Structures are given as C-alpha cells and as structure tokens.
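*Asks:* Please see the structure below; I have some questions.
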Amino acid sequence: MNISRRQMLILLPAAAVAWESVLAGTPETSPNYQMSEHWWGMLIDVSKCIGCGNCVRACQTENDVPDGHFRTWVERYNVADEDMTEPTVISPDGGKEGFPVAEEDGKKYFFVPKMCNHCADSPCTQVCPVGATFISPDGVVLIDQTYCLGCAYCVQACPYGCRYIHPQKEVADKCTLCYHRITKGLTTACCEACPTGARQLADLKNPNDPIHEFMRTHSVQVLKPQMATGAKAFYNDLDGSVR
Amino acid sequence: MSGVEGYMYPNEITLYWSVLIVLYPYITGLVAGAFILASLERVFRVEAVKPTYRLALLTALSFLLVAPLPLVLHLGHPFRSPEMYFTPHDTSAMAMFGYVYMWYLMAVLVFEIWLDYRREIVQLSQSSKGLLRVVYKIMTLGSTNISERSLALDEKVGWIVTLIGIPSAFLLHGYVGFIFGSIKANPWWSSPLMPVVFIFSAMVSGVAGVMLLYMALTKLRKQKIDMHCVDTIAMYMFYIFIIDFTLEMLDLIHRIYEADESFRSLNFMAHTKLFFSQIVVQILIGTITPLVLLFLTQVVKLPEIARKRIYVIAGCLAQIGIFAMRWNVVIGGQLFSKSFLGYTTYKMALVTREGLLVAIGLTILPLFFLWVLVKLLPPWPEKNTGQIAAAD
Amino acid sequence: MSSFKEAKHLFHFAGLFVLAFLVFLVVRHYVVPKSFGEYGHYRGAAIGDIASRPVKFAGHQTCEGCHTDILDVKSKGKHAHVNCEACHGALANHADDPSIKPVLPDTAVLCARCHTASAAKPKGFPQVVPAEHSGGVPCQTCHNPHSPAMDAGGAK
C-alpha cells in the first residue's frame, strides 16, 4: 500500500498551521498539539530504500549532528544464501553521500535505514542515573542536555547503537524524532527528504493514521525483537540477516 | 576509519568507557576485599589476622576515598554529578552508587574506624601539639569519655557495624558488577554471574592487597613479619581465589556451550584482540600461576623465606590478573559491534583527562591517603603503646 | 541514665549524620529544577526546550502555499511524491524570508544520486548508467525534474 499525499495531509495538520506558528512555540502552546493525543513511531519500508543518503544529510542539517556521529544512518547488506548469519555490511560515513555502485554478484543486496527506535520500554532511559533522558508523554525518547552528566551509560545500554556522546557538548545525543517539528504539525526531516517514501512518521494513537492499515496488511518487524525493548520503528520487508 | 575491522554501527567506533572505568571497579574491589579481611578478625574471630585488622580498615578507607574520582573524571560534566544525589533514578544501577557509596563510607568505614580508634584519638588530642592537636580534637567530636564502660559499648557497636558492613561491602561491589551484568544489549556483560564474580575477584584483590601492604610496611618498619598471620591470609586468599576462578570458568564454559548468536563474534575477539589481556595476562599469568604457587604453599612444607617470596609473587600476580579482568570486562565489552559483525580498537590517550597519566595518578593517590592515615592513626599496637607511654 | 551518658559520643556521631542529612534536604530543595517530576522522573520543561528548537526544513506544505504552479506540474508526474526539499535542500530561511534565493541544484549530481544503476537498489526503481544514458548531457536537457517522464508532456 502506498501512503498517498492526500492521506499525509490528514495525518499532518500542518496545512492548517500558519508558518509563523511553526517557527516558534512549545508543545503546550503550539496550536492543535496535545501530548496526550499522540504516540509516535516510525514506519521504515526496506523495499523502498534506494540508499541515496538524503535522510542522513537532512538529519545532519536539521539537527546539527556532528561529523562522524549519526542520529540516522543507512546500511547496505550483501547476503549470501548459504550463510545469512554472516552478511557483509557497509555504511560509508553513515551512507551520507550514498553508496558505491554494486555489481550483481549472485548475492542479495538491500539497504536498511537505521535510527532511534523510540522504544516504549527503552533500556537507555532505564539506566540513566539522573533522569536526563526519558520517554515523553507522546512516546519520544528525548535527552535533557542541560541535565545530562555525560556518563555514557545510556550509550552502552542501547542495543541498536543509536546514541553517542556529542564531542563538543559532552552530553549524550540522539534522534529526537524531530520533536521540534512533529509538535508543530510537520513530519521529521528524514521523512521530508526521503524521495521514495521509505520512511513514514506514524502516530499510533491517531486512528486515521495509515500505519494501522499498513500494519494489518504487511509483514512488519522490529529490529532485535529478542531485546524486548518495545521498539516503535517498524520495518516492512525486513530480512532476517539484519541486526 | 582506522582500527575498525568488519562492520561497526557508526556510533560504536568511539569507545566511551576508558581506562578510568577500568580503574573504578578495580579500586572499589580493593575496598570491599580489604574490608572483608578486616571482618574476618572482627566477626569471624580469626585471631591470626589481627595484626592486619586496622591496616585493612585504613586501606579500605583510603581506596574508598579515591573510588569515585575516576567515575567523576570521566563524566562529560563532572560538576553535574551531585544530580545523582538530588534526583537519583530508581531504575538505574548507577544512580544507587551515590547512596551505597555514602552509606559505606560514613555509616560503615568511618564509623568503625572512629569507634576502634576512639581511645587513641582522645589520648592523642591531649598529648599532641599544634595543628595535630586541633585535628585530633575535632576527631573526638567533643566527647572525651573513654571509660571502661563506654569503650566496651564501642566494642559492641563496632561488632554490629562490621556485621552490617559485610553485606554492605558485598552490596558496594556486587552493584558494580550489576552495572555491567544488567546491560542486556551487551552479551559480553549481560550475565547474572557478573556481580558474584566481581565480589569474589574483589575479595582476592583486596586480601592480596592488604597482605602485600602489611608485608611491605612491616619490612619498612624493620619489624618481624607475623608468619602465622600471613600464612592464614594466604590460605584465605587461596580458597577465595579458587571460588573466583571456578565462577569465571563456569561463565566461560557456559558461553562456549550455549554458543548463542553473539558467540562467533566474542569467541573471535577472545582469540585476537583480547588474547593477550584475557588468555595470557588474566587467566595464565594472573590466575593460574598464583593459584599453583599458593597451592604449593598449602601442600608442601616450605621454609619461611620461600613462603614469603611466594606470597609476594602470588599477591602481585593476583593484582595484575584482577586488573586485567576489569580491563577485559570494561574495554572488551566495547570492542565488538552489537551487530556482531565487527571490531574496533581502543587507543589509550596519554595526557588527556581520561589518559594513562591520570590513571596512574589515581592508582598512586590511595597510597598517599594511606600514608597520611597511617601517620594520623597508627595501626601498629607496639608503636601506639610506646606513644601513649611517652604521653603519660 | 548512666548508660546513656556512656553512649553520649555515639549520639554526637549520629547528630552529625542527621545534621548532614538536613543540610542535604535543604540544598536539594533549592537545586532540583522546579519542573522536575511534572510528567515523570525528568525535568518537564525540557520537553518545551526541545520542541522550541528552530526548524530548517520548511516542509512541502509551506512550499506549496506559494509555488502552486510547480505543484500543478509535479502532482501529475512521477515525482509527485517527492517532497520539494528532498532535492532543493532545507529552505525554512527562504520560507521565512522569500528574498533569500535558494541555489538551484546541479542535476548531474542530484539525479545521479537516486537514479545511478546499482545492484543494491530495488529492482523496480528506475535507474540508469549515467555515462551510457546521456553521455554527459545535463539531465534537464530532456527531462523536467518536476515531472521527468518524457511521454507525459512533462519533457521539454
């Protein structure tokens, strides 16, 4: 199923929001936004990803992500049918500038965009000693960078490698699911920049969100389900070799 | 990126827990182990180790004072560390550190040392001069009552404190193991055995540490080493070491037999990047060699001089082995990718905030604290009576 | 009450403890941020701080408010689902102040990024070997980037 632009407009009330109100405001004061009415996640369609790196670049632009660190990145898998437990994976500079051209070699190729899974039972927020990282009432794992000690315990606790210590700020840093955008009715920078619709922001509390229909009709999986983190980045067409 | 083999998630290439985090469990381990040795005499009435009782307490205190320093120094924002006391997160093992540490420092160690030394402190506050007199006066906390009955009361309270201190020492170090053992994302760490292994290795390093300090300080003071005491300590060290080694091997065999999804990656690491520090230093040099040496002293009747030398060698090797074990846990746990597809390299800096020089400094600092404490509160009975006699 | 007298020093020690704890409570009262615990074990105001960060991608809805002519062309072509800033880059500053003119993307780099043939791309995705396909001729010579199909009237 393709999520059409018409549906996207229903999903995102941004059209109704004037640009001025988009530019500023907190979730409480933002028009049309109530934290209790949302539960955010992401739908990632592996079969649509072309490895262009648009999402990585958009994220770095939108969020001033330091070089060599990634809030989102893209991996290219190359899997032989005889041993899918040992895939060859590359992610040159997080896939920021795309990937080298792959030649047919009898093996399976595909791209996998990665990002924070905004887990509902997140191991990273569990271990934070001071309450500097937390799950917001609308289901986004955020970091209070004015409160973070920079102990890096959360970096160790994330099974997906989504966190890093910001080299200048010396605090933990990660994907915010573009919280400053989604609370203003916009989609995330990576979704906005994705040319194929391989990434779709999803509001699991919104009954009109196409995610519900999609989840009912597709084989959807999360990364490392054995970790039981309640991951909310849902992958369509995910190969078993991906970890 | 240099130093990377195979595939790492891009954010995993940098290691965030450096040599300082290796030092931290090593130092708290020495504290817990030294305290357990002290409790042998106090609670379990092993009279043979009495000459080391006070030294063990002072050693525990001086290392405990340094224990949080490597942690605080590695923080991106060290001055925010009081947040751990103000808003401790109840689901975080690390948050409990502040409270367990404070409890152990004040309610157990300082209190027990104070009770045990109160008589000397009061006497010294009257006999010494100048600044020292003021220091001792403050240490009396405004009470000069050293009557028979009050000292007998101190003895009873001290016994209870030690009794509480044993589980506290286990808690202090067991929780350090839990910090690592509870991380389900990391198969190298995630194991319920981790806290237990940490406690027993802590006891080995602490007991060996106090034994070495006792022998060295006695030599320095040109006194005779109490061989009965050292023999007893070595015997306990041997038995604890066997338990520690058994647990570590159990963990290893379990991993090899289960061979779960992470096994190929971890097994490869143990044969390459960790081969020297794990197989050679930790297991062969740091565990099996001292175990064999100590075993010899238990079954063969060796002359005193040979036993002394063996104890020194075994004690030093045990320290190296336990340090290597901390290294392999902390650094080893970050060398492989959580995708199990690649490995990175740890490059230790020399002069940065988390560099080698700071680590060496932090290792020496407790010895300096110990020197001050030994000067202030002499743990030697003979010397004490001499001073008191002179004061009278 | 003589046993109490003999234990006086113990109460001195305990008193120090209580005093330190009281000081701790007072300091804690002043140091912990006011909004801490508003929603959970964290500083509630942090949510607002994060939400008020500036936006750099304006979002296609904003672009379409003015560029209705482009929208008309684009919505009929194969790039209908490609958002403006996927190719043009982040342009919130332009949306904010239209006198800031964005730089036109270089189609040789831009188109190739998605459409260069690679065994790793999904099979149904249109892809070419640029050197064979156009021999260095700029893409927009034949294709309108807003509606690239040559038979759909979008081509020049």
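*Asks:* Does any residue of the stretch B:132-141 turn out to be among the hydrophobic types (A, V, I, L, M, F, W, C), crowded, with 17+ Cβ neighbours inside 10 Å, under 30 Å from residue B:251 (Cα atoms) and modelled with pLDDT of 90 or more?
*Replies:* no
*Asks:* Still on this structure, please answer the following. Going by the conditions given, is residue C:118 crowded, with 16+ Cβ neighbours inside 10 Å and farther than 30 Å from residue A:112 by Cβ?
*Replies:* So residue C:118 does not fit the description; no.
*Asks:* Give me the residue from the stretch A:187-243 that is farther than 30 Å from residue A:127 by Cα and among the aliphatic types (A, V, I, L, M) and, out of that set, surrounded by the fewest Cβ atoms within 10 Å (Cβ to Cβ).
*Replies:* A:215
*Asks:* Could you list, in sequence order, the residues of the stretch A:177-197 that are at negative phi, of a type in the set (A, V, I, L, M) and in contact with a Ser or Thr (Cβ under 8 Å, 6 or more places away or on another chain)?
*Replies:* Correct list: A:182, A:189.
*Asks:* Identify the single condition in (1) surrounded by fewer than 24 Cβ atoms within 10 Å (Cβ to Cβ); (2) over 20 Å from residue A:236 (Cβ atoms) that residue A:183 does not satisfy, given that it satisfies every other one.
*Replies:* So the condition that residue A:183 fails would be (1).
*Asks:* Give me a count of the residues in the stretch B:247-268 that are part of a helix (DSSP H, G or I), surrounded by fewer than 19 Cβ atoms within 10 Å (Cβ to Cβ) and either of a type in the set (A, V, I, L, M) or out of contact with any helix residue (DSSP H, G or I) (no Cβ under 9 Å at 6 or more places or on another chain) (or both).
*Replies:* So the answer is 10.
*Asks:* Moving on to the next point. Is one or more of the residues making up the stretch B:317-340 in contact with a strand residue (DSSP E or B) (Cβ under 9 Å, 6 or more places away or on another chain) and surrounded by fewer than 17 Cβ atoms within 10 Å (Cβ to Cβ)?
*Replies:* Among the residues of the stretch B:317-340, not one is in contact with a strand residue (DSSP E or B) (Cβ under 9 Å, 6 or more places away or on another chain) and surrounded by fewer than 17 Cβ atoms within 10 Å (Cβ to Cβ), which makes the answer no.
Residue-wise test of (1) closer than 17 Å to residue C:149 by Cα; (2) more than 9 Å from chain A (Cβ to nearest Cβ); (3) touching a Cys at 6+ places or on another chain (Cβ under 7 Å).
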| site | (1), (2), (3) |
| --- | --- |
| C:89 | no, no, no |
| C:92 | no, no, no |
| C:100 | no, yes, no |
| C:114 | yes, no, yes |
| C:118 | no, no, no |
| C:121 | no, no, no |
| C:128 | yes, yes, no |
| C:132 | no, yes, no |
| C:135 | no, yes, no |
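*Asks:* Which of the residues belonging to the stretch A:157-188 are outside any loop (DSSP other than H, G, I, E, B) and of a type in the set (Gly, Ala, Ser)?
*Replies:* Within the stretch A:157-188, A:157, A:172 qualify.
*Asks:* Residues being under 11 Å from residue B:294 (Cα atoms) and small (Gly, Ala, Ser): count how many of those fall in the stretch B:304-317.
*Replies:* Residues in the stretch B:304-317 being under 11 Å from residue B:294 (Cα atoms) and small (Gly, Ala, Ser): 2 in total.
*Asks:* Could you say whether any residue in the stretch B:296-313 is under 26 Å from residue B:275 (Cβ atoms), of a type in the set (A, V, I, L, M) and buried (at least 23 other Cβ atoms within 10 Å of the Cβ)?
*Replies:* For the stretch B:296-313, residues under 26 Å from residue B:275 (Cβ atoms), of a type in the set (A, V, I, L, M) and buried (at least 23 other Cβ atoms within 10 Å of the Cβ): absent.
*Asks:* Taking interchain pairs and intrachain pairs at least six residues apart, which have beta carbon atoms under 6 angstrom, with the first residue in the stretch B:171-188 and in a helix (DSSP H, G or I) and the second polar (S, T, N, Q) and surrounded by fewer than 21 Cβ atoms within 10 Å (Cβ to Cβ)?
*Replies:* B:181/B:191
*Asks:* Quick one: which of A:182, A:165 is more than 12 Å from the chain's Cα centre (by Cα) and facing another protein chain (nearest Cβ under 7 Å)?
*Replies:* So the residue among A:182, A:165 that is more than 12 Å from the chain's Cα centre (by Cα) and facing another protein chain (nearest Cβ under 7 Å) is A:165.
*Asks:* May I pose another question? Any idea which of C:72, C:96, C:49 is of a type outside the set (Val, Ile, Thr) and either surrounded by 19 or more Cβ atoms within 10 Å (Cβ to Cβ) or more than 9 Å from chain A (Cβ to nearest Cβ) (or both)?
*Replies:* C:72
*Asks:* Residues being under 20 Å from residue A:228 (Cα atoms) and either touching a residue at least 60 places away in the same chain (Cβ under 8 Å) or not aliphatic (A, V, I, L, M) (or both): count how many of those fall in the stretch A:139-158.
*Replies:* 6
*Asks:* Looking at C:52, C:35 in this structure, which one is of a type in the set (S, T, N, Q) and over 30 Å from residue C:94 (Cα atoms)?
*Replies:* Of C:52, C:35, the one residue that is of a type in the set (S, T, N, Q) and over 30 Å from residue C:94 (Cα atoms) is C:35.
Condition check ((1) within 14 Å of chain B (Cβ to nearest Cβ); (2) under 15 Å from the mean Cα position of the chain (by Cα); (3) touching a residue at least 24 places away in the same chain (Cβ under 8 Å)) across all residues:
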position: A:72; (1), (2), (3): yes, yes, yes
position: A:83; (1), (2), (3): yes, no, no
position: A:89; (1), (2), (3): yes, no, no
position: A:110; (1), (2), (3): no, no, yes
position: A:114; (1), (2), (3): yes, yes, yes
position: A:118; (1), (2), (3): no, yes, yes
position: A:122; (1), (2), (3): yes, yes, yes
position: A:129; (1), (2), (3): yes, no, yes
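*Asks:* So, one more: Report whether or not residue A:154 is closer than 29 Å to residue C:57 by Cβ, modelled with pLDDT of 95 or more, part of a loop (DSSP other than H, G, I, E, B) and within 14 Å of chain B (Cβ to nearest Cβ).
*Replies:* In short, no.
*Asks:* Residue B:169 - would you say it is on the phi < 0 side of the Ramachandran plot, at pLDDT below 95 and under 18 Å from the mean Cα position of the chain (by Cα)?
*Replies:* Criteria met by residue B:169.
Here's the yes/no breakdown for (1) within 20 Å of residue A:231 (Cα to Cα); (2) not hydrophobic (A, V, I, L, M, F, W, C):
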site: A:45; (1), (2): yes, yes
site: A:53; (1), (2): no, yes
site: A:65; (1), (2): no, no
site: A:72; (1), (2): yes, yes
site: A:75; (1), (2): yes, yes
site: A:83; (1), (2): no, yes
site: A:93; (1), (2): no, yes
site: A:102; (1), (2): no, no
site: A:107; (1), (2): no, yes
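*Asks:* Can you spot a residue in the stretch A:213-225 that is touching a Pro at 6+ places or on another chain (Cβ under 9 Å) and in contact (Cβ under 8 Å) with a residue 40 or more places away in the chain?
*Replies:* Yes; the residues of the stretch A:213-225 include at least one that is touching a Pro at 6+ places or on another chain (Cβ under 9 Å) and in contact (Cβ under 8 Å) with a residue 40 or more places away in the chain.
*Asks:* A follow-up question, please. Please determine, by comparing only the residues of the stretch B:83-99 that are assigned to a helix (DSSP H, G or I) and not aliphatic (A, V, I, L, M), which one is farthest from residue B:68 (Cα to Cα).
*Replies:* B:86
*Asks:* Which pairs have Cβ atoms under 6 Å, sit 6 or more apart or on different chains, and link a residue in the stretch B:107-123 that is on the phi < 0 side of the Ramachandran plot to one that is surrounded by fewer than 19 Cβ atoms within 10 Å (Cβ to Cβ) and not in a helix (DSSP H, G or I)?
*Replies:* B:119/B:146; B:122/B:144; B:122/B:146
*Asks:* A further question on this structure: Take the residues in the stretch C:4-51 that are among the charged types (D, E, K, R) and closer than 30 Å to residue B:112 by Cα, then tell me which one is modelled with the highest pLDDT.
*Replies:* C:28
*Asks:* Do we find a residue being within 14 Å of chain A (Cβ to nearest Cβ), assigned to a helix (DSSP H, G or I) and in contact (Cβ under 8 Å) with a residue 40 or more places away in the chain anywhere in the stretch B:304-322?
*Replies:* no
*Asks:* Given the criterion more than 14 Å from chain A (Cβ to nearest Cβ) and either of a type in the set (A, V, I, L, M) or surrounded by 18 or more Cβ atoms within 10 Å (Cβ to Cβ) (or both), identify the matching residue among B:63, B:97.
*Replies:* B:63
*Asks:* Select from the stretch A:41-64 the residues that are of a type in the set (Val, Ile, Thr) and buried (at least 23 other Cβ atoms within 10 Å of the Cβ) and write down the one among them that is farthest from the other protein chains (Cβ to nearest Cβ).
*Replies:* Selected residue: A:44.
The values are calculated or read from the model by the stated rules, or taken from the named source; none is laboratory data. Just so it is clear, the structure is predicted and the values come from calculations on it, not from any experiment. Using ideal geometry, Cβ is built from the backbone for each residue, glycine included, and neighbour counts are taken over all protein chains shown.
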